[in-house]
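Have a look at the structure below, then the notes.
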Amino acid sequence: MTIDFASDTEHAPSVKEAASLHQAVPFPQTISSLLLRSDPQQCADLINQLLVNVSPEMLTSLAGSIGDFIDAQGQPRVTPEQAGQIPPAQVEEIAATAEQHHPGVVEQIQSHTLGWVS
C-alpha cells in the first residue's frame, strides 16, 4: 500500500486556515489562561492594562470583589495581591468588556506579554 501526499502548495492555504480556526481561542479565555501561568506582578500588570479600557460599572463591580483599587490619579491600579483575588470568570468578563470598548486592546496585550511564558 502506498500513500500519496498532495503537494505543499496545493492544500497549504486551506490547511493553514483550518489550523488557525481550530486553534483560535477567544480573547477572554486566552487572558484567563495566560494569568494562570503568570506571576502575581504580571497578573496585576495585565489586569491593569485591561481596566483602563472598561466601563465605570465594571470598575464598581470589581471594587465590590477586591476593595478599593483606584490610585491617587483616579486610575484603576490593582496590586498583585488584589489580582490574585479576582476569579478567572471575572477576569474573562473584564477582558471581554475591554475588548468591546477598545478593540485594539488585543494587540496591545499581545505586544506587552511577548516573552512572558513559553
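The values are calculated or read from the model by the stated rules, or taken from the named source; none is laboratory data. As the structure is a computational prediction, the values presented were derived from the model and not from experiment. Cβ coordinates were reconstructed from backbone atoms using ideal geometry, including for glycine residues, and neighbour counts include every protein chain displayed. For accessibility, only protein heavy atoms count, side chains too; no ligands or nucleic acids. Shrake-Rupley method; radii C 1.70, N 1.55, O 1.52, S 1.80 Å.
Quick rundown of the values:
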{"read-out": "Verdict on residue 88 being surrounded by fewer than 20 Cβ atoms within 10 Å (Cβ to Cβ) and without any contact (Cβ under 8 Å) to a residue 12 or more places away in the chain", "value": "no"}
{"read-out": "Residue, nearest to the chain's Cα centre (by Cα), within segment 48-68, restricted to residues that are farther than 14 Å from residue 97 by Cβ and surrounded by 16 or more Cβ atoms within 10 Å (Cβ to Cβ)", "value": "48"}
{"read-out": "Wholly enclosed helices (runs of 4 or more DSSP H) of segment 12-118 bearing at least 2 residues modelled with pLDDT under 85", "value": "105-113"}
{"read-out": "Of all residues in segment 91-116 being among the small types (Gly, Ala, Ser) and free of Cβ contacts under 8 Å to residues at least 12 places away in the same chain, the one that is least open to solvent (accessible area, probe 1.4 Å)", "value": "104"}
